[in-house]
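Encoded as C-alpha cells, the structure appears first; notes follow it.
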Amino acid sequence: MFVKHRNSKSLIDEITTKVFRDRVPEEAGRPDIDLSTFSALESCPGDWGAPCTVSNRPGWDGHIVMDTTHSPSRLFGPLVSLDDVDDDRPTFSNESLAETEVHAVPTSLPVIDHLPRTYICPGEKHPIPRSIHLARLAAFYPNCRLCEHRADTGQLPRSMIGRIEQTAQRGERPTPFLADGIRGAYLNHLTRKMAGQIAAAFAEHLWEHQPLTGRPRPTDDEPDSSPTPQRRRSGPTIVIGQDARPSSPNLSVGVSESLRLMGCNVVDIGRVSGPCLTFTVDHLQASGGLFVTGSGCPQSWTGLDAIGPGGIPFSLDGTLADVRRRFEQGVSRPTRQGGTQRYFDASVPYRASLLKHFQDVAARKVVCLCTESTIVETLTPLLEPLPCEVHWITDPSAVKGERLLVVKQGAADAGIVISDDGMSLRWYDRNGRLMPPAELRRRIVSATGALDALTTEDGSRPSDECVARSMQQQSTSVNMQSDGRFWYRDSFPRCDAAITLGHLLRRAG
C-alpha cells in the first residue's frame with residue numbers, strides 16, 4: 001500500500017492510496033490507517049520516519065510515496081482514496097506505479113498501541129495509576145477480584161498470575177446486608193470505612209424523616225425592623241453502642257465520625273448489650289440507634305444492627321432495604337454543620353427497668369452459660385440480692401455436651417444458656433433435658449398473666465421489624481417465636497432474655 005503526500009512544511013493537501021496487485025494481494029487486507037496527522041512526519045528524522053521517494057516522474061510535483069503496508073499505526077485513521085480528493089493533479093494507474101523505483105521503507109515508525117486506560121478500584125471514586133493497579137494485584141488486594149482490569153497483569157510472574165486467576169474464581173463478595181442486620185468478616189467483608197458509609201446511609205434516611213423547624217416569628221416587644229433570628233435545623237439524635245468483640249471499638253469510631261459528618265447528634269453509651277441499646281433509644285426518645293455487634297456469627301465477624309424511632313429494629317424486608325439502597329447509590333451531606341457527641345451511662349436506667357421483672361424469685365441453684373460479658377455484668381447485680389444462687393460460665397469454647405455436664409455435676413436445679421445477642425435463652429432441667437417450647441410458653445404466660453399471647457408455630461421466623469410493628473398495631477402483650485425469642489409489650493416492643501429469665505425464676509403459681 002502506498003500513500004502520497006506533499007513534501008513541504010505546509011499541511012497535507014491530499015492523501016492518496018493505491019494497492020499494488022502484484023506486490024500486495026487482496027487477501028492481505030487493507031489496514032485501517034488515518035493519515036490526517038501524517039504531516040507531523042515531515043520534521044521526523046529519516047531513520048524512522050523518512051518515506052521512500054519517486055524520482056523523474058513528469059507531473060509528480062515533488063510528492064512522495066510511502067509504503068505503510070508493513071508498518072501500520074493507529075496514529076493514522078482510515079485512508080482516503082485518490083478519487084475523494086478534489087484536485088486537478090495527475091493520477092497514476094497501478095501499472096505506472098509498479099514501474100516506479102521504490103526504496104525500502106523503515107519499519108520503526110512510532111506505534112501507539114491503545115489509548116491509556118482508566119483504573120478505578122471497585123468501591124472507590126478516584127482513578128489510580130497502572131503501577132498501583134499492578135501492585136494491588138501482586139498483593140492480592142480484595143477488590144481486585146471484582147475489577148474489570150484484573151486481566152492486565154503486566155510483567156507479573158506466571159506463578160502469581162495463576163494464583164490471581166484462582167482467587168478470581170471465588171465469586172463476587174457477598175453483600176453484608178442480611179435479614180435483620182449487617183454482618184461480615186472483619187477487614188475482609190466489613191471494614192471501618194464501609195461501616196462509616198452504612199452509618200451515613202442510615203443517617204440520611206433519618207434526616208428525611210426529621211421534622212422541619214419553622215422560622216420563629218417576632219414577638220410584640222420586638223420592633224418590626226429588628227432582624228428575625230435564624231433557627232438552625234437540628235440533626236437526628238442517634239445512639240451508638242458496641243459489644244465486647246475486639247473489632248467493635250474500631251468500627252464504632254468509624255460510625256461516630258461518619259454520623260457527626262452527617263450533622264447528627266451522637267450519644268455514645270459504650271460497651272453494652274443489644275437490648276440495652278434498644279432500651280436507650282426509647283428512653284432518650286432518640287431518632288435511632290446503631291449497635292456494633294457480630295452476634296450470631298463467629299468471633300472473626302462483626303456487623304451493625306440498626307434501630308429506628310421507638311426502639312423498632314430495622315430489617316431487610318422493611319426499612320433496612322432503604323438504607324441499603326442509599327448505601328449503594330452513595331449519600332451526600334445534608335448540612336455543612338457538623339454534629340455533636342456526648343457520653344451516657346445507659347446501664348443504670350436499663351438495670352432499673354429490669355427490677356420489676358425479678359420479683360418473687362424462688363430459691364434454687366442455677367447454672368447460667370453466657371459468653372457475652374456485657375450481659376453477665378448487667379444480670380449479676382440483679383441476681384445477687386435474690387435467694388437464688390447463680391453460677392456463671394463465660395467460656396466461649398463450651399459445647400452443648402459440656403453445658404449439660406455442668407448442670408449434672410453441679411447438682412443444679414436448672415441450666416440456662418443465653419444467646420450472645422441477649423434476646424433468647426434455652427432452659428434445661430436438672431437432668432439436662434431441654435424444656436419444650438410449649439412448656440416454656442406456658443410458664444411465661446403464667447408468670448406474666450398475658451391472655452393475648454401469640455405464638456409462631458409454623459416454623460417460620462418473621463423479621464424482627466415485622467414482629468415489633470405487629471405488636472404495636474395489635475397491642476399484644478407477649479409474642480413467642482419458633483426460635484425461642486419472647487417479645488414483651490412494655491413502653492415499646494422489647495425482646496430481652498433478661499426479662500424472660502426473670503419470669504422463669506419466679507415461684508410456680
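The values are calculated or read from the model by the stated rules, or taken from the named source; none is laboratory data. Every value quoted in this text rests on a predicted model; they were computed, and no experiment measured them. Virtual Cβ from ideal backbone geometry, glycine too; neighbours counted across all protein chains shown.
Identify, from the list A244, A321, the residue that is in a loop (DSSP other than H, G, I, E, B) and among the hydrophobic types (A, V, I, L, M, F, W, C).
Selected residue: A244, the only one of A244, A321 that is in a loop (DSSP other than H, G, I, E, B) and among the hydrophobic types (A, V, I, L, M, F, W, C).
Tell me, please, whether a residue that is modelled with pLDDT of 85 or more and closer than 25 Å to G181 by Cα can be found in the range 437-459.
No, the conditions are met nowhere in the range 437-459.
Which one of these is of a type in the set (F, W, Y), more than 20 Å from the chain's Cα centre (by Cα) and either at negative phi or at pLDDT 95 or above (or both): F314, F358, F291, F327?
F358
Can you name the residue in the range 478-509 that is modelled with pLDDT under 85 and among the polar types (S, T, N, Q) and is also surrounded by the most Cβ atoms within 10 Å (Cβ to Cβ) among such residues?
Per the stated criteria, the residue is Q481.
Every residue in the range 384-413 that is farther than 24 Å from T374 by Cα, part of a loop (DSSP other than H, G, I, E, B) and either basic (K, R) or at pLDDT below 70 (or both), please.
Residue satisfying the conditions is G410 alone.
Within the range 418-447, how many residues are assigned to a helix (DSSP H, G or I) and touching a helix residue (DSSP H, G or I) at 6+ places or on another chain (Cβ under 9 Å)?
Count: 5.
Go through the range 325-352 and give me each residue that's under 20 Å from D268 (Cα atoms) and not in a loop (DSSP other than H, G, I, E, B).
Q341, R342, Y343, S347, V348, P349, Y350, R351, A352, listed by residue number.
Please enumerate the residues belonging to the range 303-317 that are out of contact with any Lys or Arg (no Cβ under 9 Å at 6 or more places or on another chain) and either assigned to a loop (DSSP other than H, G, I, E, B) or surrounded by 23 or more Cβ atoms within 10 Å (Cβ to Cβ) (or both).
D305, A306, I307, G308, P313, F314, S315, D317
Quick one: in the range 353-363, of everything that is part of a helix (DSSP H, G or I) and free of Cβ contacts under 8 Å to residues at least 40 places away in the same chain, which residue is nearest to S373 (Cα to Cα)?
L355
Residues that are surrounded by 10 or more Cβ atoms within 10 Å (Cβ to Cβ), at pLDDT 85 or above and not aliphatic (A, V, I, L, M), at least 2 per element: which helices (runs of 4 or more DSSP H) completely within the range 83-177 meet that?
130-138
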